[in-house]
Amino acid sequence: MVKRLVVLALVLGADASADTQFRLRPGMTGVADIGTTGCAFFNELHYNGPTGMQQQVLTWIQGYLYAKDGTTIDSLLAGLPADNGWNFDTLSAVFVSHCKANPDDTVAVAALALVERLLASTPARQ
Amino acid sequence: MAPRTDSLHRTLPVWGACQKYTLVFTMAVSPPHEALGMATSTAAPSGRPTPPGSTLWRAPYVGIFALVSMLLGIGLAHALMRAIEEALGHDLTYVAQLFIGAGAIVWLWYGVRSRNENFATWTGFFTGIVIWMTWVELYYMYYGRKVFGMMPRTDAGTVTTEPEYLIMTATTGVLMFMLVFYLFDKDTRCNFFVWFQDRLGLREGLGTSTRTARDRNYAIITFMETIYVTWFCYAWNLLVFDPTFVGYGRDALPAEVATVFVSIAWGGFCLSRLLRYRRTSTAVRYGIPTANILWISVEIVSGWGLLTEIWLYPQKYWLQLLGLTGAFVLLAVLIYTAPKKASEIGEW
């Protein structure tokens, strides 16, 4: 009897876990994984909330860089001249325009386009 | 009050022009009534037509015209806002909305100074809509999308609520406490609040209204009515679309179905009353809540995919919207120039 209950619990548990996916708290905004979001959907999101979406992707890039080799956007920019032209809007424009031009890409690909531009423009990395 | 009207004519050339155009419209619209075999309106001593002789401008037609024009007005206001947004782009729209709203307040100033209930009512309605679109919705849009950096709410790969509406949902509490003023105001004439005042036993405590119909300023009354009714219906709609309360997808269906039921039942009740109206100005004012309450069903049903909200895509459906705009303008002009009782045009 106990065995049957254990098996039943395992089956139900497995079934429940198969259906479980990470979702934001009901009512919250945004998407759970911006990196895997398609550019076509990102374009729609960006139209409806440009500043917030740009911040989301830049935050994703910060996490990506730090996980990769412990750097951050700020540390990359620190190696450039003061009038390097990079700011919130110009940084965002790279992945925003990439997604507009390539709606079939993921946001991660668009974000990496910015990372490559940043790395290429940093003297220490050239 | 008559001397005030006279001084208005002296001080406000634009208002004088409005009166002149009203007369021109009346003359232009009158012949079709006769051509349709309808009785011509009888002339009042002042030379103005009066409603009793008209077979068109009587119940239930007045109510029907008022409702249809208000429904068209709501849809077209959506389209206008979206068209401005698409034409100017977000950043320019944020600047333009300040001036468009200011222009509406100037127009409202003319309406508030007028003793003509007909002009004041339409002024209040139009300026209320414009202020809602500009100083409310676009201002929320500016802060939500641009300054605060909010993201739209999404579900299953689609945008379900834009940032401005997320902010608006948070104003529900502000709306509710502001409505308390109307609930406890003895001069409130809104049937909804009067019904509550009676049920709450407030009639004796509040005392009789100190204002008569002549004392009322219909421009600001209609302006505030348009704003509050729109705000209330938005809040209601947004709460039904809020997954925090109703859940996602099929979980939200019971709340949505209940909302459609209440909307149609309540709106239908209002419509049954509206169909008895004979004064066009009163019908327009009563048509505002009636149309807005019924419109809640339109939003929900559109969310179910049963309707295409063409007013949200002015570029794609420009021809259809042009036709609807023409219908709205014609209907508004007809109602505006319809035979009026003396009290509706400031002649008491």
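Throughout, read-outs are computed from the coordinates displayed, never taken from laboratory work. Since this is a predicted model, take the numbers as computed values, not measurements. Heads up, the Cβs are rebuilt from the backbone with ideal geometry, glycines too, and the neighbour counts pull from every protein chain shown.
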The residue from B:F232, B:F261 that alone is surrounded by fewer than 18 Cβ atoms within 10 Å (Cβ to Cβ) and away from chain A (no Cβ under 14 Å) is B:F261
Please pick out the residue among B:E256, B:E225 that is buried (at least 17 other Cβ atoms within 10 Å of the Cβ) and under 30 Å from B:W57 (Cβ atoms). B:E225
Going by what's in this entry, would B:T244 be described as β-branched (V, I, T), part of a loop (DSSP other than H, G, I, E, B) and exposed (fewer than 13 other Cβ atoms within 10 Å of the Cβ)? no
Taking segment A:36-59 and keeping only residues that are buried (at least 18 other Cβ atoms within 10 Å of the Cβ), more than 7 Å from chain B (Cβ to nearest Cβ) and not β-branched (V, I, T), one is left with A:C39, A:F42, A:H46, A:Q54
Under the condition of being out of contact with any helix residue (DSSP H, G or I) (no Cβ under 7 Å at 6 or more places or on another chain) and among the aliphatic types (A, V, I, L, M), which residue from segment B:81-96 is nearest to B:F328 (Cα to Cα)? B:A83
Say whether the condition of being over 30 Å from B:V95 (Cβ atoms) and out of contact with any strand residue (DSSP E or B) (no Cβ under 8 Å at 6 or more places or on another chain) is met by at least one residue in segment B:223-234. no
